[in-house]
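Take a look at the structure below.
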Amino acid sequence: MADSQGNGSPGGTGGLYGGPRAVDPEPTHSHHDDPEHITRTRFLSGVAVAGGAVLTAAILVPIVGFAVTDTVKDEEFRWVDVGPLSDFPDGKTTSIAVSGPFPESDRRAFVRRKDGAMSAIWNRCAHLGCPVEYSEAGDNYVCPCHGGAYDAEGRVTAGPPPRPLDRFDIKVVKQGTTERLDPATAPDDSRVLIGKPYSLDDDLKPYRLHGPGEEVTGVLANLYPF
């Protein structure tokens, strides 16, 4: 019969067992409050974060580099003699290949001489850089890639280009000198020189050279190329 302390005979209804145990479990320690302990989950999470950062950098660095290079690059460019003034008759637009001392010099330009004034338009489309073609019949420029169209002065008349065609500096000098002459009164043996390229806005105001697809004014001009 069980006593009042619950220490009865087998089969009794006594209290909790207080006898020996086969194995006493050792207390375990939780490391959640240990800042120096790294669990497998935390380790793998850290690896994933680090890997993502490396991958992101690998993608963004070239893009940012391209943007900065295009923005701050100052092209070395010398005046290139492209021939005598007689090669550019008044009232005509003449296509010429420009070849100079730097890789940046190797370009094609449309030299326009009209009413005593001269301009040199780059044949690079302002949309994605495709070479535009000059139509003498329409006195305009057309890009065969995406349908961009420009008037005689290079202003956009149709298609996706964000700005007019880029231009080159151009001047007429006395043969054998650097003396600048007025194209309207210069003799035919004067030399025509092509200089650095630059970009224009819709009013033909000059800006630093921009890359294809880049606007020269407005909000989007600050976002390119993202």
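Computed quantities for the displayed model
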read-out	value
In the range 122-158, the residues that are free of Cβ contacts under 8 Å to residues at least 12 places away in the same chain and buried (at least 16 other Cβ atoms within 10 Å of the Cβ)	VAL142, ALA149
Selected residue (criterion: nearest to MET118 (Cα to Cα)) from residues of the range 134-162 that are among the aliphatic types (A, V, I, L, M) and assigned to a loop (DSSP other than H, G, I, E, B)	ALA152
Residues within the range 184-208 that are part of a loop (DSSP other than H, G, I, E, B) and under 21 Å from LYS114 (Cα atoms), tallied	11
Qualifying residue in the range 209-225 (condition: acidic (Asp, Glu), out of contact with any Pro (no Cβ under 9 Å at 6 or more places or on another chain), part of a loop (DSSP other than H, G, I, E, B) and at pLDDT below 95)	no
Count of residues meeting criterion [touching a strand residue (DSSP E or B) at 6+ places or on another chain (Cβ under 9 Å) and of a type outside the set (S, T, N, Q)] in the range 128-137	6
For SER190: the one exception among (1) at pLDDT below 95; (2) farther than 17 Å from ASN123 by Cα; (3) in contact with a strand residue (DSSP E or B) (Cβ under 6 Å, 6 or more places away or on another chain)	(1)
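The values are calculated or read from the model by the stated rules, or taken from the named source; none is laboratory data. Because the structure is a prediction, the values reported are computed rather than measured. Because the Cβ atoms are built from the backbone with ideal geometry, glycine has one as well, and the counts that use them run over all protein chains shown.
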